[in-house]
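Written below as structure tokens is the structure these notes are about.
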Amino acid sequence: MKRSLSAISTLNASFAEDVAAYAAAGFDAIGLWEMKLPEDDAANIELLRSNGLTVSNCVPTVPSFLPLAIPGMEGPTGTQTRVDAICASIRRLAAYEPECVVCLSGPLGGRSDAEGRAIVVDGLHRAAAAATEAGVRLGFEPVHPSQRDTAGFVTSVGEALSLLDEAGTTGVGIMADTFNVGHEATAEIVAAAGRLTGLHVADELPEPVPGVRALPEPGGRSAELIAALRNAGWDGTLDIEIFSTPDAFWSLPVEEAARRAYAASSALS
């Protein structure tokens, strides 16, 4: 089983610090966030290779077709500008040979469901074409229902598959997240195992806080979903992805955060 840590989990560390700490902790791969990457891709790729890390998935600087309502991550308001940015990121990030590049729907922002779907379907067509040309897979990620108005109006694997079927794109899969889809029936997630491009992994806090995640624990929802997917034959990479607050996981030194995340991922197998 390959284990990865998403770079958003150590928000305040640099890319170089992430690479050194993740490799030292024992991870096989890193989940890249483009916003943390230095401009010199050749140097970045060499640093990854010299530390023995592959890339599990990549999140573009502009990750969604509709504007996010997350402070600091809103990005451009024009939907065509956003699609252009996503396609440019796909072409750039393909050089890192990731398992997939991730995209989200984004929230409706006052639009009707039909208007939002039309924008996302058009964006998926263009992004899928860019991904095919670049030789990388695109992974469409549904978000947690509590983030429907901030991160994405697509909030289940079933909704994501329906939208992909409507778009008629080939080669586009689902980037699932155990935190985001934990409310769904296990059987529905397992049924989509053949279309998964990757798996972000995190549990809810004992007292849930919107958008904030905890490291997965044995016996938790993430462990349950991973076991079911493994039993169904899915053998993809587990990418621990922790969104936090400045006084919680994000406050840890990168080395400590990586060690804790690796221990949590190891306990799942």
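The values are calculated or read from the model by the stated rules, or taken from the named source; none is laboratory data. Computed from a prediction, not measured in an experiment: that's the story for all the values here. Ideal geometry is used to build each Cβ from the backbone, glycine not excepted, and the neighbour counts take in all protein chains shown. Calculation scope for accessible area: heavy atoms of the full protein, side chains included, ligands and nucleic acids excluded. Shrake-Rupley method; radii C 1.70, N 1.55, O 1.52, S 1.80 Å.
Name the single residue, out of those in the stretch 183-207 being of a type outside the set (D, E, K, R) and within 22 Å of residue 7 (Cα to Cα), that is surrounded by the fewest Cβ atoms within 10 Å (Cβ to Cβ).
Residue satisfying both the conditions and the ranking: 205.
Sort through 135, 106 and tell me the only one that's among the small types (Gly, Ala, Ser) and open to solvent by 10 Å² or more (accessible area, probe 1.4 Å).
Selected residue: 135, the only one of 135, 106 that is among the small types (Gly, Ala, Ser) and open to solvent by 10 Å² or more (accessible area, probe 1.4 Å).
Search the stretch 246-269 for residues that are farther than 15 Å from residue 14 by Cα and modelled with pLDDT under 95 and pair each with any residue that is aliphatic (A, V, I, L, M) and buried (at least 17 other Cβ atoms within 10 Å of the Cβ) when their beta-carbon atoms are under 6 Å apart and the residues are at least 6 apart or on different chains.
That search, which allows pairs on different chains as well, returns 268/223; 268/226.
Among the residues of the stretch 71-95, how many are assigned to a helix (DSSP H, G or I), open to solvent by 10 Å² or more (accessible area, probe 1.4 Å) and closer than 20 Å to residue 115 by Cα?
Counting residues in the stretch 71-95 that are assigned to a helix (DSSP H, G or I), open to solvent by 10 Å² or more (accessible area, probe 1.4 Å) and closer than 20 Å to residue 115 by Cα gives 4.
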